Amino acid sequence: MAEAHQAVGFQFTVTPDGIDLHLSREVLKHIYLSGVTSWRKRAIRFKNGILTGVYPASPSSLLIVVIATMSTIYARIDPSLGMIDTIKRTMSVSGYMTVQTQTVFSAILFSTGLWLSLILTLRYTLKALLSYHAWIFESHGKISFCTKLWLSLVKMFSGRRPLLYSFQTSLPRLPVPRVDDTITRYLESVRPLLDDEQYNQMEVVANNFKKDQAPKLQKYLILKSWWATNYVSDWWEEYIYLRGRSPIMVNSNFYAMDLLYVTPTHRQAARAGNVVHAMLQYRRKLERGEHAPLRALGVVPMCSYQMERMFNTTRIPGIETDFVQHLSDRKHLVVYHKGRFFKVWLYYGGRHLWPSELEIQFQRILDDTTEPQPGELKLAALTAGNRVPWARARLKHFSQGVNKASLEAIETSAFFLTLDDEVHGYDPEKLRSLDLYAKSLLHGKCYDRWFDKSFTLIAYKNGKLGVNAEHSWADAPIIGHMWEYVLATDCFHLGYTEEGHCKGDISNGLPPPIKLQWDIPLECQEVIEDSYMVAKVIADDVDFHGCLFDEFGKGLIKKSRTSPDAFIQLALQLAQFRDKGEFCLTYEASMTRMFREGRTETVRSCTSESTAFVRAMEDKSTTSAQRLDLFRKAADKHQNMYRLAMTGSGIDRHLFCLYIMSKYLSIDSPFLKQVLSEPWRLSTSQTPQQQLNMVDIKRFPRYVSAGGGFGPVADDGYGVSYIIIGENLITFHISSKFSSPETDSYRFGQNIRQAMLDIRALFDQKDKKEKEKEM
């Protein structure tokens, strides 16, 4: 036990002469180093906090302002227009200072006030500049003079070497769209899904809402937008995620995969050691705010708010609602292996454990042959089942004694690690290897991931990795940012020995992992088993297919002067129609992180233009030229909707907030009820790639991730996540439910592949005709 190991450093005996205290030099050394590390952290955070607080200015600029002010005073010029003299007269220390000292002190106060005013002016100027969004609606490669001027001004006011949170106070607030605009866009989005009679009824209901109830709800929502940092995000987190009482496994959590083609080492403990150390490096930079902020076009900053809760975070269950518990600087993680939980310290002697030391710790766990305690094997199934039984069990059985201490160890850990006893990963020689890999990451055995942790790192027996992430605290691009950093650091910075072990020395006296103790009564064991059975039914129903599309990729699509995302979304519409013979309400996630605390908005990808294109593709009487013309119109429409969503003019978040406001005000709205109850039978999302540009894909084409995915949103629909990798690969993660006779993930994957090829054929035919004309 680590506690026992540390306790022997302090020994005392009671003698007739008093207490004889013996101190261990080794323990005192570790205490000293730990204290030094702690104070160093505080100093760095304090320094970076000041740099962020005064950005886009710098602390040194205060000295420049003071020197400039003092110089003008000694030149008998008053830059303050009498303000320095006013400060001198109002000071109550005239009896303690000379006239010259009072002048200097007053000048410093004036300079500080002037400096702070300049900072605020710079910030509000930058905020005004960042509120300009016309640039995003311009055609690719065609930048207007106004946008060029705007880009130059943004660069000028953005300062040098910004830290992660430097732009937070300069980001504009998410605007509340006009009700008329939202209703118009909503009716336009449902037109291709309704017949004339249904559409006329919806139009009447929408117009009644716009006339009767919307004005009052909109006024209150605008008032909230003035008061809150973001009028959507807090309600989105609470009502979409935390108040849900159904299982979060599959229904909410999502996953990210390892490198597709490369496994740096097949030693499970070594791979986990390197990756955990890389995560600790990432966390240290995150806590200090030293990561560079993400910027669109390399200029426009994205909000970094979601990154704050990446580590040391757990979703805590409640009877009516959960809450997100975020702590600071946790020094341990909890490891699960074959039904046992172990606590592993991440620091030793005031520093992070080296990868080689972490490998030793994890190997000790792998070599441990003890059996799980009663109820321990499937304990984590509580986080996979319904929320209310878990909340009640937590209050009744985990509020005291060893159970409380062990649960606290899990919930206060930096993150959760599973040393999985299975072998997974993409293997082209094995049928459905990618499908089984995804299902394992999404739900595992239903009891070997702690689904409430911000994320669970999963290390497989063959050295492959993956992540299962809880969704309430952040969206997929945030985890993707960390995961890209970790994989690149693992492969290109830390590396392995020829035998596949972690590099580096190992300190003597490293305390072994601590096995968590449990005293779980039979009543609680029954609740655990019930949660497991609920989760198992959900997991067994997930039909998953991973589709690697390598016939062509982003490179060829861009040559056709089409947005890759629009191309893929139209292929999905064509695949959906071929799969079911009808169109459906389609969800595509778009980010709103150009606004402070922005998260996501919905792009309704099924449009009148896209349905016209799909029908033309299925109509043999239409020519390829006609189809291509309809394709371009549909792609342009999709791009415009995506841009509207990114700039705060989407449909669904506005209607969602109006609905929540109607509940607070006890206003019954048939229109909002109908809108919020409509099922998304095709839910899609694009996983961002190369947010950090740490790996040159052209030089290292095999070092690419397969992206990630999520479970089906509707019982009779599909969930599709896709990642555009390099120039020649697109990976699709397709999920549905076996229980639905209408869906089949493999079939849908084949439909997507064929749809992609059929759309490409339109451009091939066009190019062929152009070449024939030239000849």
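The values are calculated or read from the model by the stated rules, or taken from the named source; none is laboratory data. Keep in mind the model is a prediction, meaning the values are calculated, not measured. Reconstructed Cβ throughout: ideal geometry from the backbone, glycine too, with neighbour counts over all protein chains shown. Heavy atoms of the whole protein, side chains included, go into the accessibility calculation; ligands, DNA and RNA do not. Shrake-Rupley method; radii C 1.70, N 1.55, O 1.52, S 1.80 Å.
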For this session: Answer yes if at least one residue in the stretch 518-525 is crowded, with 17+ Cβ neighbours inside 10 Å, of a type outside the set (A, V, I, L, M), in contact (Cβ under 8 Å) with a residue 24 or more places away in the chain and within 30 Å of Ala755 (Cα to Cα), and no otherwise.
Result: no
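One residue is enough: does the stretch 548-571 have a residue meeting the conditions closer than 20 Å to Val190 by Cβ, open to solvent by 20 Å² or more (accessible area, probe 1.4 Å) and out of contact with any Phe, Trp or Tyr (no Cβ under 8 Å at 6 or more places or on another chain)? Write out each step before concluding.
So in the stretch 548-571, the residues closer than 20 Å to Val190 by Cβ come out as 569-570.
Those left that are additionally open to solvent by 20 Å² or more (accessible area, probe 1.4 Å): none.
No: the stretch 548-571 contains no residue that is closer than 20 Å to Val190 by Cβ, open to solvent by 20 Å² or more (accessible area, probe 1.4 Å) and out of contact with any Phe, Trp or Tyr (no Cβ under 8 Å at 6 or more places or on another chain).
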For this session: Would you check which residues across the stretch 481-534 are closer than 14 Å to Trp354 by Cβ, touching a Leu at 6+ places or on another chain (Cβ under 8 Å) and either acidic (Asp, Glu) or modelled with pLDDT of 95 or more (or both) and list them?
Result: Cys502
For this session: Among the residues of the stretch 160-185, write down those that are part of a loop (DSSP other than H, G, I, E, B) and touching a Pro at 6+ places or on another chain (Cβ under 8 Å).
Result: Pro162, Leu163, Leu164, Tyr165, Ser166, Phe167, Leu171
For this session: Report yes if Lys536 is among the charged types (D, E, K, R), open to solvent by less than 50 Å² (accessible area, probe 1.4 Å) and more than 30 Å from Gln754 (Cβ to Cβ), otherwise no.
Result: no
For this session: Identify the single condition in (1) modelled with pLDDT under 95; (2) over 22 Å from Gly495 (Cβ atoms); (3) basic (Lys, Arg) that Arg351 does not satisfy, given that it satisfies every other one.
Result: (2)
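Can you list the helices (runs of 4 or more DSSP H) found entirely within the stretch 352-413 that contain at least 2 residues being open to solvent by less than 50 Å² (accessible area, probe 1.4 Å) and among the acidic types (Asp, Glu)?
The helices (runs of 4 or more DSSP H) meeting that bar are 355-367.
Taking the stretch 248-274 only, how many residues are outside any strand (DSSP E or B) and open to solvent by less than 10 Å² (accessible area, probe 1.4 Å)? Don't jump to the end; show me each part of the working.
Within the stretch 248-274, the first condition is being outside any strand (DSSP E or B), and the residues that meet it are 248-253, 258, 260-274.
Next, only the ones that are open to solvent by less than 10 Å² (accessible area, probe 1.4 Å) stay: 248-250, 253, 258, 260, 265, 269-274.
Count: 13.
Is it the case that Gly708 is under 17 Å from Leu259 (Cα atoms), under 22 Å from the mean Cα position of the chain (by Cα) and not basic (Lys, Arg)?
Details: under 17 Å from Leu259 (Cα atoms): yes; under 22 Å from the mean Cα position of the chain (by Cα): yes; not basic (Lys, Arg): yes.
So Gly708 passes the test.
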Exercise. Hey, among Tyr447, Tyr485, Tyr437, which residue is in a loop (DSSP other than H, G, I, E, B) and either farther than 30 Å from Thr602 by Cβ or of a type in the set (Ser, Thr, Tyr) (or both)?
Worked result: Tyr447
For this session: Residues being of a type in the set (Gly, Ala, Ser) and either in contact with a Gly (Cβ under 7 Å, 6 or more places away or on another chain) or modelled with pLDDT under 95 (or both): count how many of those fall in the stretch 616-642.
Result: 3
Problem set entry | Filter result (aliphatic (A, V, I, L, M) and either open to solvent by 50 Å² or more (accessible area, probe 1.4 Å) or more than 22 Å from Met591 (Cβ to Cβ) (or both)) within the stretch 232-247 | Ile240
Exercise. Which condition number does Asn230 fail, the rest of (1) touching a residue at least 40 places away in the same chain (Cβ under 8 Å); (2) in a helix (DSSP H, G or I); (3) in contact with a Phe, Trp or Tyr (Cβ under 9 Å, 6 or more places away or on another chain) being met?
Worked result: (2)
Exercise. Got a number for residues in the stretch 234-288 being of a type in the set (Ser, Thr, Tyr) and either in contact with a strand residue (DSSP E or B) (Cβ under 6 Å, 6 or more places away or on another chain) or closer than 18 Å to Ile479 by Cα (or both)?
Worked result: 5
Problem set entry | Single condition Asn728 does not satisfy, out of (1) over 15 Å from Ile557 (Cβ atoms); (2) in contact (Cβ under 8 Å) with a residue 24 or more places away in the chain; (3) open to solvent by 40 Å² or more (accessible area, probe 1.4 Å); (4) of a type outside the set (Val, Ile, Thr) | (1)
